[in-house]
Amino acid sequence: MIKIIRVFLTVSMCLLILNGCSPNVKPQTQSTSNQPNVVATTPSVGTNVAMYIANKDIDKSSFISKDKLLEKINITKDVKSNIKTVILKTWKQYSLEDDPDFKGINHQIDSDHMVWVVITEYPDRFNTKIGFYANATVTSVYDAQTGTILAAKVTGDLKG
């Protein structure tokens, strides 16, 4: 039996709590080129304001490098794994190419926001809270500027 787990990390409420912001504060964008191109405060519940705004046209030197990303995610060496691909693309490209079955819309991430998509194979096992997967493939999506994980999908044979 093949099972898929999809995780979308909701960071807006975390930012709200950490920054002590009111949920009704008007979103502001970062102004310097070295800062991540994200909304600085959380929009009101029910609005369609993206937390991670379009950044495909900014200088790519403000993005975390592929090597820095791989260093940051630091895949455990005691687990047999193989990084299949690491590619920079827009959120829309990821949604259409790497997760075409997902029909939902993520209002926190603009379709033109750049992300790193990392596909890793775990031929022996990959452990999750609901059990382990044999022959697992994990697709992880990271913000291109900060390296923050935005989404993950596990496919494979769920063994329990």
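Read the figures in this text as sums done on the coordinates, not as results from a lab. Quick caveat: nothing in here was measured; it's all calculated off a predicted structure. Counting neighbours? That spans all protein chains shown, and the Cβs are built from the backbone with ideal geometry, glycine included.
The shape of the stretch 45-160 comes out oblate: with a ≥ b ≥ c from the C-alpha gyration tensor, a/c is at least 1.5 while a/b does not beat b/c. Where the alpha-carbon atoms of the stretch 107-152 are placed on the principal axes, they occupy 35, 18, 17 Å, in descending order. The packing ranking of peptides 113-124, 146-157, 60-71, 80-91, highest mean first, is 113-124, 146-157, 80-91, 60-71, where packing means the average number of other beta carbon atoms within 10 angstrom of each residue.
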